[in-house]
Structure formats: structure tokens, C-alpha cells
Amino acid sequence: MHFSGKVWKFGDNIDTDAIIPARYLNTSDPKELALHCMEDADPDFMKKMKPGDIIIGGENFGCGSSREHAPIAIKTARISCVVAKSFARIFYRNSFNMGLPIFECRELVDNISVGQEISIDSVKGIISVGGANKTFSINPIPPFMEQLIADGGLLKHIAKK
Amino acid sequence: MGNTITEKILMAHTKLKEIHPGQLINARVDIALGNDITAPIAIREFRAAGGKKVFNKNKVALVLDHFTPNKDINSAEQCKTVREFAIEHKIVHFYEGGQVGVEHALLPEKGIVLPGDLVIGADSHTCTYGALGAFATGVGSTDLAAAMLTGELWFKVPQSIKFIIYGKMKKWVSGKDLILNIIGRIGVDGALYQSMEFTGETINKLPMADRFSMANMAIEAGAKNGIFAPDTITKEYIKGRAKRPYKFYASDADAVYSQVIEIDAAKLEPQVAFPHLPSNVKGVSKASKVKIDQSLIGSCTNGRIEDLRIAAKILKKRKAAPHVRLIIVPATPLIYRQAMQEGLLEIFMKADAVISPPSCGACLGGHLGILAAGERAVATTNRNFVGRMGHPKSEVYLASPAVAAASAVLGRIASPEEL
């Protein structure tokens, strides 16, 4: 898979309450959830972002609640993927299960700022920063996970099989 | 090489003869749990995958505890979705209305989760059941859907961190203070992907209520699970509750740990986690200038009868300070009734407390105790992230029931010693 877009940068320990506050969890409608994506981390995020953009996080991205509403909100907001130094365990699992691509890359996070363009080749495991000759390596997504994401998540993948 | 209790329980739920950290396994699930927030997505996914039947109607638990009593029309619709599913699939452990309690207090109380079980729940505080010597971990709705369909789920076997806790705790210091102190030491990702195993002479004497509080907050250090080896205290707790076989597991003497951390509990004063991370922990004496607007005593962390007894001891013949909203949430109907029979509710009402029905509502800023901009609460809950209990500009300080009760009386964060 190939992703390219402008990056939005957040700090360490971005919790799922910041990604999608519980006050909006009286619905599981993906479109409703997407309206409030990242609201308590940056109230204007949804006004500023464009489809295809990429979220950059620090350590422990997605910590806290197990709400799958968090990766659903990010995916439905049409963020193409998330790159962070590390991910909280449940968020990591939920993202793959939901079909939201995520990548761990410490070096990129330390060497990127808001508004820069990056492109990711998830098969080769390379992230390149637009306008610069800099590249960073990531663990490629294994083929079965690629298929799972392409199918739209774990259960759609199971159903297809 | 020996195995930890976590490795042993995981292995017992597979056909494997040996197990080691890092291994990917497919394991049988004893109980799969969902609530009114997470189950609707799981049900949608279950149906989208062509699900016609749950793997076992006795092994799925659905608890409508988050935005109940229904806070608005949308919440009522979500509950309706889960209720209809529960009826359709004849789910045995379905709880709502006057039978509902906060799930992680309710399931152990009813003997639905037992020592040696493998429990998954679409709620991050599912790790609470580790207090019973079960392997219990939070997952998302899709994982819940997969478990409801197949009765199995894949796991990566975690490494374990061993905590050895010794020393006699001072008066008013509890399991809540121990776990806050631990999270303060290792950070909110200090146990990321790992198991936290609590051992030592202090733990051996620790009552079940305190063990539940500690296991409950393992997720706040990023852990996959928190666990206690079951013992005579566990046995006493499950007596009369267990209606099916269970098994006690223990770590081998030569089990391998990624880290061993020793803590002298005798040195601790009551602990407080400042906004906006559960790891931002200080002793209560360093919080005495923090004025509060609300004190919340309840939740899956600290809404048990033992917690309410401590609060009542402090609130007896006292009142909440002017303009402080004291909210007490007995975690289950049984706890509510016990509190009534023991005269605790009378003490709370005389202290001008609001007694809420069992619900998770206030803890996650859903309803029944929301904060306005600039307001501060001390809460016996488990998270103090930005906006957790209401407005993004409000603040939550996490503490024990003893500190929350004393703070309500003085209108600022305080130790009961100050009364």
C-alpha cells in the first residue's frame, strides 16, 4: 500500500478520550464520530485537515479506553494512516481490526514538523519526506495484514474467507 | 525454565505444551464481555460477518452500565440494540435496569468470572478480574465480535513485570494508593504490552476490594493485564459465588520476568494523581491547596462496599463543604442494598451527598456528574485525561475513597488526618 499526505503532529500519550471524547459515544455512526475526531487534542482539527492527511503521534498513542470508536473516527475522517513512536496495546489491535493502517517510526517523529508531506510505501517499509532526500525505514505490513486492511477490517476479512 | 501465572493460564486455554513471551497463540475464551457503548459496534460487526449464533450463550456477558439509566435518545437506541441481541441469542448474563451494576464490580460479585479464567472484554478495565487470579484483558469491539462468533481470540504472550510489595501500610493508605504510586513510578506506558504481577507480604494480606482496585488500573500503566496469585482471601471471596469449576494458578519459582520492582508500602502516604495523566502522582500532603467543586466516590475502581464503608467512616456527622457536590455511586445493586442496610446511605444523605444509581456515567463524562469549564473534581475513578469528566478545561484528581471523602468535607484535597 502507498500513502502520501500532509502531516499533523501530536505529542505523547494521546488518549482515546482526546481522539473521540466519551460525550460523543452515544452513537456508533462512523460519520458522526468522524466529526469530532481529535477534538480534545485540537478543537479545530477537522476544519484544518484534508482527506489523505497523516497523523503523527509520540509515545503511547491511543492509550486509555478500549473504544474502537477512536480508530473508526480517524479512518472515517479519511486520515490515511497514523505514524507514532509507539502505540497503546488495545489501540494497536483495534486499528488493524478496523482496517486503519498504523506504523511505528521513532526517527520520523523526531524529524518531522507540521505541514510537511510524507509518503509511505508499506510493502517496501520506507517513509520518505517530501522535498528532502531523507528516508526512514519501518516494519513492512505482512501480506495477510495488508489483505485484512484491504478487505476493510478483521470481520469483513473473515466473512470474505 | 518456569512460567508465570499469566503464561500458565494462557497455555491452559490452548493445546500447547509450552509457552513463552512473544509467542502468538490462539486461545479459548471463558467469558466475553461488552457494554452499551462497545457492544453495538460488536453486534454490527458480528452480523456483517454473517454471524447467526454466539459460540456459547452462557459465556457472553452484556452489561448496560455506561450511559444508563439512558441519558438521551441515542443512548436508549444503543441499549435497545444490545437488548434485542441479548434476547435473540438468549444471553444468560445480560444485565440492565434494577439488575445492572458497573460491569467490573458486577461480574466478580456474581461469580461470572473466576480464578484461572481467560476473560476478554470490550472495555479497557476488563483487567480488573486479574485480582481473582484470572487472565483478563481489554479489547476492542471487533475482537469482541470475533470472540462471540468463535469462542477464541489470538494473543501475543506478554512478558511480565513482578512487583514485590512489602511493609505495613499506614492508616488510610489502600490498594488505590499502591497502584497510583506504581503508575507514578513506571509511567502510563511503563508496562506497555506487558503483564503486571503483584506479589509480596503486603499483597498477601491485601483484601479483595483493594486487589480489584489495583488490577483495575493496570491498563493505566499500559499493561495487557494485572494479576494476583489466588490464595485463601480469594477462596473466601468466591465461596458461595462460584457455580462452575475454577482453578488456582501460581507462578513458578524460576519464572522469568522482564523486570522486578520492589516497593516499601510503609513509606507511602495517600496518593493523588494530578491532571492530566494517571502517572502525574504526588503525596496527598502536596495537594492540600487544590480547591474542589466535586467529589465523586464510585466506579469500577472504588465503588465497592468496602470503599463506601471507608467514606462513611469519614463522612459520619460531617457535611460536604458549601458548593462542593459530593456524588456517591454504589457500583452494584447488591452494594447499594448493603449500604442501605448498614446505614451508610443515611450517613451520606446527612452529609448532603447525592446517591447515584449504579452507572459508569460520571467517570467518563457521560452523565450524572459532568464538570463545567474551570471546575475541579477529586474522584476515586481511574482516568484524569483532558475532558474525561466533562469540559476539556475541567480537571480531575484521582485518589482513594478516604481522600475523596475528606476532600468533600474540607472543600479542598485533603487527607482524613486533617479532619
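Worth a mention:
- A Cβ distance below 7 Å, combined with a sequence gap of six or more or placement on separate chains, defines the contacts here; from the stretch A:31-56, residues that are on the phi > 0 side of the Ramachandran plot reach residues that are among the β-branched types (Val, Ile, Thr) and part of a helix (DSSP H, G or I) in the pairs A:38/A:19.
- For the stretch B:138-148, the condition of being more than 20 Å from residue B:206 (Cα to Cα) and more than 10 Å from every other protein chain (Cβ to nearest Cβ) holds for at least one residue.
Residue by residue, here is whether (1) crowded, with 23+ Cβ neighbours inside 10 Å; (2) among the charged types (D, E, K, R) holds:
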position: B:272; (1), (2): yes, no
position: B:276; (1), (2): no, no
position: B:288; (1), (2): no, no
position: B:293; (1), (2): no, yes
position: B:300; (1), (2): yes, no
position: B:305; (1), (2): no, no
position: B:311; (1), (2): yes, no
position: B:324; (1), (2): no, no
position: B:329; (1), (2): yes, no
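- Any hit, the stretch A:39-58, residues being charged (D, E, K, R) and closer than 25 Å to residue B:154 by Cβ: no
- Of the listed requirements (1) surrounded by fewer than 24 Cβ atoms within 10 Å (Cβ to Cβ); (2) at pLDDT 95 or above, residue B:179 misses just one: (1).
- Test: residue A:28 is at the interface with chain B (Cβ under 10 Å from one of its Cβ atoms), within 30 Å of residue B:155 (Cβ to Cβ) and more than 16 Å from the chain's Cα centre (by Cα): yes
- All helices (runs of 4 or more DSSP H) inside the stretch B:1-94 with 2 or more residues being over 30 Å from residue A:17 (Cβ atoms) and under 24 Å from the mean Cα position of the chain (by Cα): B:5-12
- Test: residue in the stretch B:118-132 that is farther than 26 Å from residue B:181 by Cα and of a type in the set (Asp, Glu): no
- Unique match (being of a type in the set (Ser, Thr, Tyr), in contact with a Lys or Arg (Cβ under 7 Å, 6 or more places away or on another chain) and in contact (Cβ under 8 Å) with a residue 12 or more places away in the chain) among B:124, B:195: B:195
- Selection within the stretch B:298-318 - part of a loop (DSSP other than H, G, I, E, B) and in contact with a helix residue (DSSP H, G or I) (Cβ under 7 Å, 6 or more places away or on another chain): B:303, B:304, B:316, B:318
- Among the residues listed as B:196, B:217, the single one being part of a strand (DSSP E or B) and within 14 Å of chain A (Cβ to nearest Cβ): B:196
- Index of the failed condition, residue B:260 passing every other in (1) surrounded by 21 or more Cβ atoms within 10 Å (Cβ to Cβ); (2) in a strand (DSSP E or B); (3) among the hydrophobic types (A, V, I, L, M, F, W, C): (1)
The values are calculated or read from the model by the stated rules, or taken from the named source; none is laboratory data. Note that the structure is a prediction, hence the values are computed from the model and not measured. Positions of Cβ are generated from backbone atoms using ideal geometry, with glycine treated the same way; all protein chains shown enter the neighbour counts.
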